[in-house]
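Below is one structure, written out as C-alpha cells; comments come after it.
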Protein chains: 2
Amino acid sequence: MPAQPASGAAPRTPLNRERVLQAAVSLADANGIESLTMRKLGEAVGVEAMSLYNHVANKVDLLDGMIDVVFSEIELPSDDDGWKTAMRRRAVAARAALSRHRWAIGLMESRTSPGPATLRHHDAVIGCLRNAGFSFELAAHAYAALDSYIYGFALQERGLPFDSPEETSALAQAMVAQFPVDEYPHLAAFTFEHVLQPGYDFGKEFEFGLDLILDGLERAFGAG
Amino acid sequence: MPAQPASGAAPRTPLNRERVLQAAVSLADANGIESLTMRKLGEAVGVEAMSLYNHVANKVDLLDGMIDVVFSEIELPSDDDGWKTAMRRRAVAARAALSRHRWAIGLMESRTSPGPATLRHHDAVIGCLRNAGFSFELAAHAYAALDSYIYGFALQERGLPFDSPEETSALAQAMVAQFPVDEYPHLAAFTFEHVLQPGYDFGKEFEFGLDLILDGLERAFGAG
DNA sequence: ACCGTACGCTTACGGTGTAAGGTGGGCCGC
DNA sequence: GCGGCCCACCTTACACCGTAAGCGTACGGT
C-alpha cells in the first residue's frame with residue numbers, strides 16, 4: 001500500500017538531489033549540524049531515511065553537497081573593479097555566507113572532493129588576481145592568506161556562544177566571574193575594560209584584519 | 001573476580017583524568033578523531049568504557065580537555081624579546097601544535113568552556129601585547145587577526161589529503177584530471193603551472209601571510 | 001503491451017554515547 | 001579489630017546513528 005490509493009494522484013514530483021540538499025541546509029541552519037540525521041532529513045522532505053540514498057551516495061556526499069550550496073551563495077568576484085575591491089567584496093560575502101550557515105566552517109575538513117560551485121569560485125578568484133597582473137606565486141600567497149583569514153575568523157565567530165553582541169557580553173560576564181581573576185590578570189582586564197564595554201562587537205574586527213592583509217598584498221604587488 | 005587474585009598486588013594506580021586525556025590525544029593523533037570512541041579509549045587505558053565517566057563528565061568534556069592539552073603544548077610568549085618576534089614565535093608554535101594534532105582545529109567549535117592552559121595562553125598573549133604598549137583596542141585587533149589567520153591556515157592545511165607535498169601533488173594531479181579543464185581554466189593553469197611544479201609546498205605559505213599581518217600591525221602600532 | 005529503471009519502502013545490523021545499578025577493595029572512626 | 005562508607009570499576013540496557021540488502025510499484029521508452 002504505498003503512495004496513493006488509486007484515485008488521488010498526488011503531486012508526484014519525485015524529489016531530487018537539490019531539494020534534499022536545500023532541506024539539509026535549512027535543517028542544519030535551524031537546529032545545528034549535529035542534529036542533522038538521515039532520518040530527520042527524510043522526515044523533513046516526506047520520505048523514509050533510506051530513500052535519500054537514491055539522491056546522495058552517503059552522508060559525506062550529502063555534506064559535500066551542502067558545502068557546495070554554501071559556496072554557490074558567495075557572489076563571484078568581477079574583473080570590472082580593481083582586484084582589491086573585488087577581493088574585499090568577496091571576503092565580506094564569504095564571511096556572510098559562513099555566518100549564515102554556522103555549521104559550514106566545521107565541515108571544511110571534508111573539503112576533499114569539491115563541488116562545481118566550489119571549483120567555479122576558486123577559478124574566479126584566481127582569474128581575478130591573474131587578470132590584475134599577479135604572478136602565480138603572489139596569487140597563491142594572496143589566496144592562502146585571505147582564505148586562511150576568512151575561515152579562521154568564521155571559526156572564531158562560530159565559537160561565540162550566541163549571536164548578538166549583547167547576549168555574548170552577558171555570557172562573557174558569567175564566564176569571567178567563574179575563573180580566578182588574579183590568575184589571569186591581563187585576560188580579566190581585557191575582558192572587563194574592553195570586551196564588556198558597551199559597543200564592543202567581535203564581528204567588527206573582521207574588516208580591520210582584512211584591510212591589513214589587503215594593504216600588505218598591495219604593497220607586495222607593487223614591489224614585485 | 002576483579003583486579004588481582006589476592007597475592008599479586010598490582011601497581012594499583014587507579015587512573016586519572018590526565019592519563020585519560022593523554023590516551024585520547026594519542027588515539028586521535030594515530031587514528032583520527034572520528035574513530036575516538038569511549039569504548040576504544042577505555043580499551044586503550046585498560047578499562048571499560050563506562051569507567052571513563054569517573055574521570056570525565058561526558059564526551060564533550062573529554063574533547064574540551066583534549067583541546068586544553070593542545071594549548072598546553074604551545075610555548076607561551078615571553079616579554080623579553082619585542083612583541084613582534086614574540087608573536088611570531090607564538091604563531092609558529094601554535095601552527096606546529098595544530099599540525100601535530102590535526103583533529104584539534106575541527107574541535108574548536110566546542111571551544112566554549114576553555115581549560116586552564118587555554119586561559120593561561122590567552123592571558124600571556126594579551127599581556128605581551130599590553131606590556132609592549134598596545135591599547136586594548138589594538139590588542140583586540142591584533143589578537144583577532146593573528147588567531148584567525150593561524151586557525152584558518154591550520155584548517156586549510158588539514159584539508160590537504162596527505163602529509164608530504166609529494167603525496168599531495170600526486171593526488172592533486174589525479175583530482176585535476178577528473179574535472180573539465182576548460183570549465184575552470186584559471187584553476188587548471190594555476191594547478192599545472194604552480195601547484196604541481198616541483199618545490200611547491202603549501203606549508204611554506206604560512207610565513208608570508210603571517211609577516212603580512214605582523215608588518216601591518218607594526219605600522220598600525222606606530223601610527224596609533 | 002511490455003520491460004527496465006528509478007524511486008520509494010521495510011527490515012536488520014553493528015556501532016555510538018550514556019543512564020542505571022551492582023560489586024568489591026581501601027580507608028576512616030570507633 | 002571492625003563496621004561502614006566511598007569510589008573506582010564493572011555489567012546491562014536503551015535510544016539513536018549510518019547504511020547494507022532486498023522488495024514492490026509507477027513511469028518512460030520501444
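Rule-based calculations on the coordinates, nothing more; no lab input. Being a predicted model, the structure only gives us computed values, none of them experimental. Every residue, glycine as well, gets a Cβ built from its backbone with ideal geometry; the counts of neighbours run over all protein chains shown.
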Per-copy distances of the B:Glu193 label point, shortest first, in nm (7 angstrom along Cα→Cβ)
5.4
For the residue pair A:Phe202 and A:Asp80, what label-to-label distance in nm results when each label sits 7 Å from Cα along the Cα-to-beta-carbon direction?
3.6
Report, for B:Ser78, each distance to the same residue's label point in the other copies, shortest first and in nm; define the point 7 Å along Cα→Cβ.
5.4
Once the label point is set 7 Å along the Cα-to-beta-carbon vector, what list of distances in nm do you get between A:Glu207 and its counterparts in the other copies?
3.4
Farthest toward the dipole's positive end in chain B, which of B:Thr85, B:Ala177, B:Leu36, given Cβ charges of +1 (Lys, Arg) and -1 (Asp, Glu) about the Cα centre?
B:Leu36
Residue mean of other protein chain beta carbons inside 10 Å, B:137-143:
4
Under 21 Å Cα to Cα from B:Lys84, which lysines show up? Leave out anything in the same chain fewer than 8 places away.
B:Lys204
Which of these, B:Pro116, B:Pro77, B:Pro185, has the largest mean-square fluctuation under a Gaussian network model of chain B (Cα springs below 10 Å)?
B:Pro185
For the protein assembly as shown, the percent of all C-alpha pairs falling in each 10 Å bin, from 0 up to the bin holding the max distance, is 4, 18, 27, 25, 16, 7, 3, 1, 0
Most positive-pole-ward Cα, B:His122, B:His141, B:Ala94, against dipole of region B:1-148 from beta carbon charges:
B:Ala94
Spin-label point model (7 Å from Cα, Cβ direction): what's the B:Ala223 to B:Leu171 distance in nm?
4.1
Would you work out the relative contact order for chain A, in percent, from Cα pairs under 8 angstrom that are 6 or more residues apart?
17
